[in-house]
Amino acid sequence: MKKLKKQTVHIVSENTAWAELVVASLATTFECYSFIIETSVESLWGFNPDTIIVFDKSTLGNPSSLCISPIERGGKWLLVNGGPIDEQSITGTIALGFSGLITTYYTLEMLPRALRAIASGQLWFSREAMSKTLQHLLSSAESSHHSIDVLGAKYTLSNREQQVFLHLLHGKSNKDIAIQLHLSPSTVKCHVSSILLKTGKHSRCQIGMLLIDNDVDEPLTTPCIN
């Protein structure tokens with residue numbers, strides 16, 4: 001088994017009994033991790049990029065109402081014990097700087113997997129929440145065309161790569177994209193690899209986050225490369 005990287009995880013909750021239960025359930029799996037229980041976020045500032053902060057919404061409240069911005073505080077923040085309404089507004093959660101969300105019924109079950117994903121630089125949101133968010137973005141002509149142009153210019157994607165990129169956002173497989181664009185599957189695979197390399201993403205699942213992560217209202221300043 002691959003040895004886990006040593007790092008610190010802050011479990012922030014006003015319910016110390018729950019926090020202790022979380023630490024006890026994680027300690028045996030994440031032996032190299034140091035867990036710290038906090039009851040308030042007041043002193044949680046200036047974290048290094050590898051530190052993970054688990055924020056218990058059920059006891060601490062809505063982070064946006066409390067003016068909590070992970071982007072300003074540093075570290076990788078995971079919102080746990082969220083509700084259905086949180087899954088409907090993950091664009092705002094990501095904009096605040098949170099790296100993931102787990103709803104109340106799945107917190108203890110999903111927390112180990114979420115920690116591994118976030119520690120490796122990935123985001124952790126449910127497939128359903130991500131699908132709804134991307135479908136909402138793609139339902140707008142501006143999101144599905146203008147935004148692709150902006151991202152294409154930013155990452156110097158060729159015209160063909162932009163076409164492949166748009167199909168990836170719709171969840172199409174390489175085979176489906178090949179049929180739609182009249183290309184061979186191997187050619188599509190090369191385009192996908194190039195898109196991942198240029199955008200700095202590690203998987204197809206992360207590509208959709210570019211529509212949320214980037215300011216798509218900026219004007220085009222760099223021509224696309226054919």
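The values are calculated or read from the model by the stated rules, or taken from the named source; none is laboratory data. The structure presented is a predicted model; accordingly, all values stated were derived computationally and were not measured. A quick note on method: Cβ atoms are made from the backbone with ideal geometry, for glycine too, and the neighbour counts reach across all protein chains shown.
When V22, V9 are checked against the criterion of being within 21 Å of S120 (Cα to Cα), touching a residue at least 60 places away in the same chain (Cβ under 8 Å) and not in a helix (DSSP H, G or I), a single residue qualifies: V9.
Selection of the stretch 152-177 for residues being crowded, with 20+ Cβ neighbours inside 10 Å and of a type in the set (A, V, I, L, M, F, W, C) yields L157, V164, F165, L168, L169, I177. None of T8, T28, T16 is more than 21 Å from the chain's Cα centre (by Cα) and surrounded by 10 or more Cβ atoms within 10 Å (Cβ to Cβ) except T16.
Please verify whether the stretch 166-185 includes one or more residues that are assigned to a helix (DSSP H, G or I), among the basic types (K, R) and at pLDDT below 90.
Here is the first cut: in the stretch 166-185, the ones assigned to a helix (DSSP H, G or I) are 166-169, 174-181, 185.
So of that shortlist, the ones also among the basic types (K, R) come out as 175.
Remaining after also requiring at pLDDT below 90: none.
Checking the stretch 166-185: not a single residue is assigned to a helix (DSSP H, G or I), among the basic types (K, R) and at pLDDT below 90.
In the set I148, I118, only one residue is of a type in the set (V, I, T), within 22 Å of the chain's Cα centre (by Cα) and either modelled with pLDDT of 90 or more or loosely packed, with under 15 Cβ neighbours inside 10 Å (or both); that residue is I118.
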